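Note sheet for the following structure.
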Amino acid sequence: MNNLILCGFMGSGKTTLAKRLAEHFGMELIDTDAEIEKRENRSIADIFATDGEACFRAKETELIKELSARDNLVIALGGGLAVNEKNHPYLKSGRVILLDCGIEETLKRIEGDKSRPLTANGREDIISRYNFRRPIYEAVADIIIDSSEDIDRTFKTAISLL
Ligand code: S3P
């Protein structure tokens, strides 16, 4: 139950902050995207292209279920994981921190990013996905942090709130 779980949209800085928090608190870091890629021995883009998004989402659920039974983890979630209601019970295994850098900064960070399958449909699609997800992230979060500035600032804010 003492896990720290970072959620938020693509580009919000979950992985970077998770690394800093894990180092600071001496906790184990798990990035769900990296963990799935490691277990599958292929990229997320490959999983989407070969087996489809539903297959990737099932792998996310399987993984977060497994991690929720563990302790002392800092978990950086892929951007869609906390949106899926099926996963909500497993997010109760820790404090959920939402990172949000706002839509303009999000677009600057991820528009045109070829490694993320869900940025392929362009700006309007990213904006509507962000707007749809924002209240869902907020509903599962215990703490909300503005991550629009640099990582040092975000890290300091996180430490002061934890
Ligand atoms: C996704 C976000 C990605 C990755 C996948 C789907 C999403 O993770 O899980 O491409 O649905 O927002 P990041 O948030 O780490 O980019």
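Annotations for the structure displayed:
- If the condition is being in a strand (DSSP E or B) and either free of Cβ contacts under 8 Å to residues at least 60 places away in the same chain or within 14 Å of the ligand (Cβ to nearest atom) (or both), then the stretch 76-95 contributes only A76.
- Per the listing L107, L98, the residue uniquely touching a strand residue (DSSP E or B) at 6+ places or on another chain (Cβ under 7 Å), outside any loop (DSSP other than H, G, I, E, B) and more than 11 Å from the ligand (Cβ to nearest atom) is L98.
- Residue in the stretch 54-79 that is farthest from the chain's Cα centre (by Cα), counting only those that are surrounded by 19 or more Cβ atoms within 10 Å (Cβ to Cβ) and of a type in the set (G, A, S): S68
- Considered as a group, the residues in the stretch 110-157 that are of a type in the set (S, T, Y) and part of a helix (DSSP H, G or I) include one that is nearest to A45 (Cα to Cα), and that residue is T119.
- Residues located in the stretch 1-29, provided they are closer than 16 Å to R134 by Cβ and basic (K, R): K14
- Scanning the stretch 30-53 for residues that are surrounded by 18 or more Cβ atoms within 10 Å (Cβ to Cβ) and of a type in the set (A, V, I, L, M) turns up I30, I36, I44, I47.
This table checks each residue for (1) under 26 Å from G122 (Cβ atoms); (2) assigned to a strand (DSSP E or B); (3) modelled with pLDDT of 95 or more; (4) more than 10 Å from the ligand (Cβ to nearest atom).
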residue	(1), (2), (3), (4)
C7	yes, yes, yes, no
G11	yes, no, yes, no
D33	yes, no, yes, no
L63	no, no, yes, yes
A69	no, no, yes, yes
V74	no, yes, yes, yes
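- Test for K114: is it within 12 Å of the ligand (Cβ to nearest atom) and at pLDDT below 95: yes
- Subset of the stretch 48-99 (residues that are among the β-branched types (V, I, T) and closer than 20 Å to T154 by Cβ): V74, I75, V96, I97
- Filter pass, A54 being within 10 Å of the ligand (Cβ to nearest atom) and aliphatic (A, V, I, L, M): no
The values are calculated or read from the model by the stated rules, or taken from the named source; none is laboratory data. Remember, it's a predicted structure, so these values are computed and weren't measured experimentally. So basically every Cβ, Gly included, is an ideal-geometry build from the backbone, and we count neighbours across all protein chains shown.
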